[in-house]
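Everything on this sheet refers to the single structure shown next.
The values are calculated or read from the model by the stated rules, or taken from the named source; none is laboratory data. Since we're looking at a predicted model, the values are computed, not measured. Virtual Cβ from ideal backbone geometry, glycine too; neighbours counted across all protein chains shown. When the accessible area is computed, the model is the full protein with side chains, heavy atoms only, and any ligands, DNA or RNA have been set aside. Shrake-Rupley method; radii C 1.70, N 1.55, O 1.52, S 1.80 Å.
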Amino acid sequence: MFHVAAKDIDEYTDSVCGFIRKCVEDVVPSRTVKSFPNQKPWINGDVRTALAARSTAFASANTSDYKHAHYQLRKTIKAAKREYRDRVEQQFDNPRSMWQGLNTITDFRGKTSTPQTTASLCEDLNVFYARFDTANTMRPDSVRTADDVSAHTVSEEDVRRYFRRVNPRKATGPDGIPGRVLKSCAAQLAGVFTHIFNLSLSLSVVPVCFKMATIVPVPKSSTISSLNDWRPVALTPIVSKCFEKLVRDFICSALPDSLDPLQFAYRHNRSTDDAIALTLHAALSHLEKRDTYVRMLFVDYSSAFNTIVPSKLDRKLQDLGLSSSLCSWILNFLSDRCQVVRLGSTTSSPITLNTGAPQGCVLSPLLYSLYTYDCTATNNCNIIVKFADDTTVVGLITNGDETAYREEVSALTHWCQDNHLTLNVAKTKELIVDFRRCRGVHTPITINGAAVERVSSFRFLGVHLAEDLTWSVHINKTVKKAQQRLFFLRRLKRFGMSPRILRTFYRCAIESILTGCITTWYGNSTAYNRKALQRVVRCAERIIGGELPSLQDIYRKRCLRKAGRIIKDSSHPSHKLFRLLPSGRRFCSIRSRTSRLRDSFFHQAIRLLNTS
């Protein structure tokens with residue numbers, strides 16, 4: 001019915017979405033709930049009655065009546081808290097409800113105040129986020145005629161499956177279709193949207209309503225001093241996100257597993273642990289040689305996702321072997337995107353963009369990694385490790401010859417200029433690891449005429465990397481943060497929560513901090529540092545009243561698990577380090593001269609595999 005009456009795919013999609021919105025408005029009831037920031041969930045009718053009685057007794061100036069009312073209030077509050085505690089513990093099988101209760105009791109995720117906004121701020125932010133589009137003079141080509149129109153089609157079953165996986169609590173996008181409707185009515189809506197999706201793929205045209213985005217700026221810190229202190233988070237239609245997941249499957253199936261092996265983000269069996277372990281192994285292995293040192297350049301880009309040029313991405317996707325119809329669809333997806341900025345109840349005027357991928361789209365991370373896949377090292381003396389838009393250039397320098405390293409930095413600068421990526425020199429830092437006895441003066445690296453700051457430690461993918469490759473800085477910060485979380489564990493204990501709830505809170509809120517990327521640093525930590533970490537565990541044991549797993553056991557299990565996954569994945573960049581001996585029962589040990597390398601992850605993992 002909708003397809004026959006529509007002139008094009010835009011009108012077809014708008015009519016379907018409009019009909020769904022009309023049904024939602026007519027059928028789904030709405031309810032307004034008023035809440036106050038200081039209102040605790042255990043304040044029930046009995047507590048309010050007791051509060052009123054105490055106020056009355058206080059106004060009567062009768063001491064005995066006031067004492068009795070105050071006693072009854074305390075007794076009522078204890079009973080209400082006990083009832084609420086039992087209700088939270090009964091939600092143990094429902095993690096979301098349980099954590100909401102725990103957060104309320106401990107105030108673990110306290111509400112932060114939102115800075116005051118004005119209407120002009122929305123307009124300024126919208127122009128600021130679109131600044132890369134005004135500088136881009138490369139407009140997308142016209143839509144090509146697809147020579148393989150029928151190559152990509154989606155089935156109704158696939159659409160229904162993705163609709164049923166929608167999180168109903170996610171915010172509604174600009175199209176006004178709630179996720180709860182898609183999830184509940186997946187069987188009824190899958191048919192019509194399957195036809196829209198397949199029509200879009202065949203025409204290589206994305207409906208305009210699928211490309212709309214509402215930018216919700218989120219403060220990066222409590223103090224706002226410039227427009228750059230607002231992080232743009234795009235709110236896009238949930239239907240479009242389901243469609244993007246289907247297209248993502250098509251793209252991933254056409255890409256080889258060996259593509260861009262040193263990009264550790266958005267890849268199966270890749271994590272920050274892998275990126276850190278590989279970087280440290282390359283540095284430590286090189287430092288085993290005589291007269292060597294390592295320079296690490298931690299590159300920072302300005303709004304990396306917003307600088308993707310669709311026409312350049314289109315050519316790169318064609319070089320990777322993607323079909324012309326799919327390339328045309330992606331080109332259309334990134335072109336003529338309409339966005340507005342919303343702060344509270346204030347919304348800016350719309351702006352149409354032809355550059356960048358919104359931070360909130362399903363395809364944006366994948367498209368960015370494909371856009372930067374050709375950013376690789378040009379010399380064997382260097383490696384470039386990437387995790388999303390975090391890029392690290394590792395220069396392995398011998399006999400003081402930095403020619404290859406400086407040429408690599410220069411090549412990276414030219415690559416960024418050719419691909420319209422803006423280097424933020426102020427936030428780009430350099431770390432130099434040099435254990436030589438006679439250390440010379442290290443000339444700083446310059447980018448675009450500005451010298452890069454040298455630092456003694458840097459927070460690299462969640463761990464604090466020091467220039468002497470020790471982990472005291474990282475462990476001290478970790479212990480301090482974990483000790484702060486013990487305060488919330490004590491509040492739960494005073495509230496009377498059961499040991500099972502306390503143990504769950506410890507595993508999620510405290511142990512997760514102590515064991516973050518533990519496979520990369522625990523082996524090289526000192527005995528003093530390990531005692532400091534274990535003291536936090538013992539303190540938690542006294543609060544909970546039971547034994548907790550030691551960090552040594554957790555480290556051992558995670559090393560074995562990580563090593564097993566690398567061994568099974570032949571495309572993993574570290575797979576070649578695990579070589580079986582001719583017997584087929586043990587792995588070949590990696591030769592090392594210093595304890596720094598011998599205690600690193602890969603050496604420890606091989607020893608554990610051989611002894612387990």
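Got a number for the accessible area of THR376? Probe 1.4 Å, square angstrom, nearest 10.
About 80 Å², rounded to the nearest 10.
By accessible area of protein heavy atoms, probe 1.4 Å, what ranking do GLU244, GLU157, GLU288, GLU467 get, highest first? If you can, show how the numbers build up before the last one.
Details: GLU244 0, GLU157 100, GLU288 30, GLU467 70 Å².
Of GLU244, GLU157, GLU288, GLU467, the descending order of accessible area is GLU157, GLU467, GLU288, GLU244.
Could you rank GLU407, GLU541, GLU511 by how accessible they are, 1.4 Å probe, largest area first?
Details: GLU407 110, GLU541 45, GLU511 10 Å².
Output order, biggest surface exposure first: GLU407, GLU541, GLU511.
Which order do LYS312, LYS220, LYS211 take when ranked by solvent-accessible area (1.4 Å probe, heavy atoms of all protein chains), largest first?
Details: LYS312 40, LYS220 90, LYS211 10 Å².
So the residues, ranked largest to smallest area, are LYS220, LYS312, LYS211.
Of all accessible surface on the chain at a 1.4 Å probe, what whole percent is carbon and sulfur?
Details: 15700 of 31080 Å².
Carbon plus sulfur share of accessible area: 51 percent.
Which net charge results when you count Lys and Arg as +1 and Asp and Glu as -1 among the other residues whose beta-carbon is under 14 Å from that of THR391?
Working: positive: LYS386, LYS427, LYS429; negative: ASP260, ASP300, ASP374, ASP389, ASP390, GLU408, GLU430.
In short, -4.
Filter the chymotrypsin sites (Phe, Trp or Tyr not before Pro) in the range 573-609 to those in DSSP coil with at most 10 other Cβ atoms within 10 Å of their Cβ, and list the result.
On the way: sites: PHE578, PHE587, PHE601, PHE602; in loops: PHE578.
Counting only loop positions with at most 10 other Cβ atoms within 10 Å, none of the chymotrypsin sites (Phe, Trp or Tyr not before Pro) in the range 573-609 qualifies.
Checking the cross-link filter: which lysines have an alpha carbon closer than 28 Å to that of LYS75, excluding same-chain neighbours under 8 positions apart?
Within the straight-line limit of under 28 Å, LYS75 reaches these lysines: LYS34, LYS40, LYS67, LYS493.
Below 8 Å, C-alpha to C-alpha, sequence gap of six or more: please give me the relative contact order for the chain in percent. Please list the in-between numbers first.
Working: 818 pairs, mean separation 83.6, N = 612.
Rounded, it is 14 percent for the chain.
Just read off the accessible area of CYS375 with the full protein assembly in place, 1.4 Å probe, to the nearest 10 Å².
We get 10 Å² for CYS375.
Which of the three applies to the range 471-611, rounded, prolate or oblate, going by the alpha-carbon gyration tensor with a ≥ b ≥ c and a/c under 1.5 meaning rounded? Each step should come with its number before you reach the end.
Numbers: a/c = 2.94, a/b = 2.09, b/c = 1.41.
It is prolate, given that a/c is not under 1.5 and a/b is the larger ratio.
Would you compute, from DSSP H runs of 4+ residues alone, the mean residue ellipticity of the chain at 222 nm, taking -39500 (n - 2.57) per run and dividing by the full residue count, rounded to the nearest 500? Present the calculation step by step, with values, prior to reporting the outcome.
Values: 24 runs with 295 residues, N = 612.
Theoretical 222 nm ellipticity from helices: -15000 deg cm²/dmol.
Could you work out the relative contact order of the range 471-611, using alpha carbon pairs under 8 angstrom and six or more residues apart, expressed as a whole percent? Each step should come with its number before you reach the end.
Details: 111 pairs, mean separation 35.2, N = 141.
In percent, rounded to a whole number, it is 25.
Which entries in the list LYS429/LYS477; LYS170/LYS386; LYS211/LYS316; LYS170/LYS220 go over 25 Å, if you measure between the two C-alpha atoms of each?
On the way: LYS429/LYS477 20 Å; LYS170/LYS386 30 Å; LYS211/LYS316 22 Å; LYS170/LYS220 21 Å.
Cα-Cα > 25 Å for LYS170/LYS386; rest within.
Could you pull the accessible area for THR153 with a 1.4 Å probe, rounded to 10 Å²?
Roughly 80 Å² of THR153 is accessible to a 1.4 Å probe.
For the range 217-287, what is the accessible area per residue in Å², given a 1.4 Å probe and the full set of protein chains? Write down the numbers at each step before the final one.
Details: 2760 Å² over 71 residues.
In whole numbers, the range 217-287 has 39 Å² accessible per residue.
How do the peptides 299-305, 228-234 rank, highest first, by the average count of neighbouring beta carbon atoms within 10 Å per residue?
299-305, 228-234
Report relative contact order for the range 230-352 in percent, whole number only (criteria: Cα-Cα under 8 Å, sequence separation at least 6). Show your work: numbers first, answer last.
Details: 48 pairs, mean separation 18.1, N = 123.
Relative contact order comes out at 15 percent.
When the Cα centres of the range 550-584 and the range 356-433 are compared, how far apart do they sit, in Å?
Centre-to-centre (Cα) distance: 28 Å.
With a probe of 1.4 Å, find how much accessible area the range 45-106 has per residue, and write the answer as a whole number in Å².
67 Å²
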